[in-house]
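Trainee: This structure is in structure tokens; I'll ask about it shortly.
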Amino acid sequence: MNDLNAFFEEPVFSLSAEEKRRRFTTIMQVRNQHHFDHCAEYRSIWTALGMEPASCNTLEDMPFLPTSLFKQYDLKSVPDEAVVKTMTSSGTSGQAVSRIFLDKEAARLQSKTLTKIMSDFLGTGRRPMLVLDSQSVVRAGGALSARGAGVLGFSILGKRPVYALDDQMQLDLDVVTEFLETHQGKPLLLFGFTYIVWQHFYQALKEKGVKLEMPGSVLMHGGGWKKMQDLKIDNDTYKKELRDVCGIEQVFNYYGMIEQTGSIYVECEHGRLHCSNFSDVIIRRPDFSVCEPGEPGLIQTLSLLPESYSGHNLMTEDMGELLGEDDCPCGRSGKTFAVHGRAFAAEIRGCSDTFAAA
């Protein structure tokens, strides 16, 4: 893993731009060579481009994969018998879904990295956790969906998770009330997917005329904004309404995808999405040249974690812009960026959006 282990010994948003680029590039070169050597499909892409891993010395020059490739090919870089977990992306009925293959080490790194990133925002203590979803999402057999993977991944951050929705996706107010009474006065962690939280938790409380009190509570949510945009609900309105009706003091959005689980990008108190030491972004124009800061373009995401599958360097279907680097008022180092939505003609794919479409 080269010096990836050293990253876990350091604060997760600590590296300066110059130091991060040097160390990040070195490990990405190792990842390129590993997948070139162990994944025939990945190697064929480099070959078709007339390139070899040894020829790429900068992040901008390294070939990226479109996320749609994971719907068409099994991009494994480990033997079949080493795979311990298979995850699938969001998708409505009839849609192809991405398939992501994890070996034991990849699964461990994902959990360890997610915990380290979130500890910077939540602290190291585990809080009582209310999942704003149905437990049925983690009961399904076979491959684990993106939604189920998100719930299970974030559940490691809380104590004895309680599910606020029943199997029919209806708010179980008795369960929520009992949870709040049991943990009265304690800081709470709530987790859910953006649209599901809005439609099945916030709207249900509003319709019942119920207002909750959760002093010191934090909500982490993510998984797609398309349906919220259709409802004309922006990020500021979303936060305000959740605070007013649900009594949630801090509301943090995060950006992530099943193809790079673990290395998520969390929104700080100043509304910027942050790259950690384990991740990076490049914003590109339609011709794939690199955008200037503040110039909108396609979001390319890079992660040091994927080794069992070739998901370390991906071109998403999302539009965004680079806001800055090492200059966020919150004090965290690294690049910050904003997401503007799906690229024109890209399919709806976020967990919340896919659930709403279904």
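The values are calculated or read from the model by the stated rules, or taken from the named source; none is laboratory data. Model, not experiment: these values are computed from the prediction. No Cβ is skipped: glycine too gets one built from the backbone with ideal geometry, and neighbour counts run over all protein chains shown. For accessibility, only protein heavy atoms count, side chains too; no ligands or nucleic acids. Shrake-Rupley method; radii C 1.70, N 1.55, O 1.52, S 1.80 Å.
Trainee: Which helices (runs of 4 or more DSSP H) sit wholly inside the range 127-222 and have at least 1 residues that are closer than 29 Å to Val97 by Cβ, aliphatic (A, V, I, L, M) and open to solvent by 40 Å² or more (accessible area, probe 1.4 Å)?
Mentor: Output list reads 146-155.
Yes or no, residue by residue, for (1) modelled with pLDDT under 95; (2) among the hydrophobic types (A, V, I, L, M, F, W, C); (3) touching a strand residue (DSSP E or B) at 6+ places or on another chain (Cβ under 8 Å):
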{"position": "Met87", "(1), (2), (3)": "yes, yes, yes"}
{"position": "Gly91", "(1), (2), (3)": "yes, no, no"}
{"position": "Gln95", "(1), (2), (3)": "yes, no, no"}
{"position": "Ser98", "(1), (2), (3)": "yes, no, yes"}
{"position": "Gly153", "(1), (2), (3)": "yes, no, no"}
{"position": "Ile156", "(1), (2), (3)": "yes, yes, no"}
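Trainee: Filter the range 289-327 for residues that are small (Gly, Ala, Ser) and crowded, with 17+ Cβ neighbours inside 10 Å and give the result. Before the answer, list the steps.
Mentor: From the range 289-327, those small (Gly, Ala, Ser) are 289, 294, 297, 303, 308, 310-311, 320, 324; that's our starting set.
Result: Gly297, Ser303, Ser308, Ser310, Gly311, Gly320.
Trainee: Right, another one. Contact list please: Cβ distance under 7 Å, first residue in the range 1-24 and of a type in the set (A, V, I, L, M, F, W, C), second residue open to solvent by 40 Å² or more (accessible area, probe 1.4 Å), pairs at least six apart or on different chains.
Mentor: What qualifies is Phe8/Lys112; Phe8/Lys116; Val12/Lys116; Val12/Asp120; Phe13/Asp120; Ala17/Glu325; Ala17/Asp326.
Trainee: In addition: Kindly check whether there is at least one residue in the range 191-211 that is under 21 Å from Leu173 (Cα atoms), free of Cβ contacts under 8 Å to residues at least 40 places away in the same chain and of a type in the set (A, V, I, L, M).
Mentor: yes
Trainee: If we keep just the residues of the range 96-122 that are in a helix (DSSP H, G or I), in contact (Cβ under 8 Å) with a residue 60 or more places away in the chain and among the charged types (D, E, K, R), which is nearest to Ile156 (Cα to Cα)?
Mentor: Among those that are in a helix (DSSP H, G or I), in contact (Cβ under 8 Å) with a residue 60 or more places away in the chain and among the charged types (D, E, K, R), it is Lys112.
Trainee: Restricting the first residue to the range 223-244 and requiring it to be β-branched (Val, Ile, Thr), which pairs with a second residue that is part of a loop (DSSP other than H, G, I, E, B) and open to solvent by less than 80 Å² (accessible area, probe 1.4 Å) meet a Cβ separation below 8 Å and a spacing of at least six or different chains?
Mentor: As it stands, the answer is none, since no pair meets every condition given.
Trainee: Okay, moving on. Quick check on my filter: what residues within the range 177-203 are out of contact with any helix residue (DSSP H, G or I) (no Cβ under 8 Å at 6 or more places or on another chain) and more than 25 Å from Leu114 (Cβ to Cβ)?
Mentor: Thr177, Glu178, Leu180, Glu181, Thr182, Gln184, Gly185, Gln203
Trainee: How many residues does the range 58-78 contain that are modelled with pLDDT of 95 or more, part of a loop (DSSP other than H, G, I, E, B) and open to solvent by 20 Å² or more (accessible area, probe 1.4 Å)?
Mentor: 3
Trainee: Still on this structure, please answer the following. Quick check on my filter: what residues within the range 223-243 are farther than 24 Å from Gly158 by Cβ, among the acidic types (Asp, Glu) and either part of a helix (DSSP H, G or I) or open to solvent by less than 20 Å² (accessible area, probe 1.4 Å) (or both)?
Mentor: Those that are farther than 24 Å from Gly158 by Cβ, among the acidic types (Asp, Glu) and either part of a helix (DSSP H, G or I) or open to solvent by less than 20 Å² (accessible area, probe 1.4 Å) (or both): Asp230, Asp236.
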